[in-house]
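Colleague: Provided herewith is a single structure, encoded as structure tokens, for subsequent inquiry.
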Amino acid sequence: MALASLWREPERRESLSFGALEFHDVFRIYRSGPAETVALRGLDLRIEPREFVAVFGPSGSGKSTMLQLAAGLDEPSAGDVRVFGRSLAHLDERELATFRARQVGMVFQGGNLWPGLSARENVALVLRLGGRRKVGDAAERALDAFDLRGRGRTRAGALSGGEQQRVAIAAAAARQAPLVLADEPTAELDEHNERTVLEALARLRAEFESTVVVVTHSSRVADAVDRVIELRDGRAS
Ligand SMILES: Nc1ncnc2c1ncn2[C@@H]1O[C@H](COP(=O)(O)OP(=O)(O)O)[C@@H](O)[C@H]1O
Ligand SMILES: [Mg+2]
């Protein structure tokens, strides 16, 4: 898959007519027995390369479903999800796994680290899963870049909530994930830690050229981004 290399060629990138993330009339209907929940109903949106976007919306409006689809962790019931111009529907299981490991950085509420591994081992493992053979001191450098110097040997489970989120962000930066998806990453944090995580997400965009989509309820996050997309009943307004 050549998305990442394409991403590093600015001249070519500028002539591209596609967004970083596009949803075209996307439906996601969860079925269990006779019960149906329509989580997304005809969602259309387009997020440009290097945009920093917040997704707002009441609980149950489809925000997490939208991120799962963008990450290729779930499939739409109808409609098309495109990442850097490529429809995820055309990828088989192996290609999807490669897509997730190389193109997408994910940051979730409550952290998404291996709690028994150190901060450094977490970043190194993400790099290896992304196909990097020689990790070297890339993990250490990424941790330093996000103010985690000296925390590399600490077990992830023993880090503070804000530090855990920054480790996940450092991992996305270390492998230059072009698309970073964060689902309520500051929901459990105090104001100080929320600010450090927000700054880290902003730096991902500014210094690592990532497109960053953050689902949030926080007005502080809304103030920090380029644009807010509102989801309501599975549609953007
Ligand atoms: N795996 C699932 N099975 C059944 N229903 C689901 C599942 N995931 C989400 N839903 C339902 O889909 C709707 C949207 O959920 P979600 O995307 O989690 O919204 P949000 O993140 O905005 O709170 C909700 O009604 C939720 O109950
Ligand atoms: Mg959610």
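The values are calculated or read from the model by the stated rules, or taken from the named source; none is laboratory data. Quick caveat: nothing in here was measured; it's all calculated off a predicted structure. As a convention, Cβ positions derive from the backbone with ideal geometry for all residues, glycine included, and neighbour counts pool all protein chains shown. Only protein heavy atoms, including side chains, enter the accessible area calculation; ligands, DNA and RNA are left aside. Shrake-Rupley method; radii C 1.70, N 1.55, O 1.52, S 1.80 Å.
Colleague: Given labels modelled 7 Å from the Cα in the Cβ direction, how far is it in nm from GLU191 to ARG203?
Modeller: So the two model labels end up 2.2 nm from each other.
Colleague: Oh, and also: Ignoring ligands, DNA and RNA, what percent of the accessible area of the stretch 90-139 is carbon or sulfur (1.4 Å)?
Modeller: Working: 1410 of 2830 Å².
Using a 1.4 Å probe with all protein chains present, the stretch 90-139 comes out at 50 percent carbon and sulfur.
Colleague: With a probe of 1.4 Å, find how much accessible area the stretch 151-202 has per residue, and write the answer as a whole number in Å².
Modeller: Numbers: 1850 Å² over 52 residues.
With all protein chains present, the stretch 151-202 gives 36 Å² per residue.
Colleague: If you don't mind, there's one more thing I want to ask. Could you give P(r) for the chain, binned at 5 Å from zero, as whole percent values over all Cα-Cα pairs?
Modeller: 1, 7, 14, 18, 20, 17, 13, 7, 3, 1, 0
Colleague: Compute the Cα gyration tensor for the stretch 90-225, then decide on rounded, prolate or oblate, letting a ≥ b ≥ c be the square roots of its eigenvalues: rounded whenever a/c is under 1.5, prolate when a/b is larger than b/c in the other cases, and oblate in all that remain.
Modeller: Because a/c hits 1.5 or more and a/b fails to exceed b/c, the stretch 90-225 counts as oblate.
Colleague: Here's a follow-up. Taking only Cα atoms and a 10 Å spring cutoff, compute GNM fluctuations for the chain and point out the largest among GLU95, GLU75, GLU22.
Modeller: Ranking GLU95, GLU75, GLU22 by mean-square fluctuation puts GLU95 first.
Colleague: Taking N as the number of residues in the stretch 14-150, what is its Cα Rg relative to 2.2 N^0.38 Å?
Modeller: Working: Rg = 17.4 Å, N = 137, 2.2 N^0.38 = 14.3 Å.
Here the answer is 1.22, to two decimals.
Colleague: Shifting gears a bit: Before anything else, pin down the relative contact order of the chain: Cα pairs under 8 Å, at least 6 apart, normalised by residue count, whole percent.
Modeller: Once normalised by length, the contact order is 28 percent.
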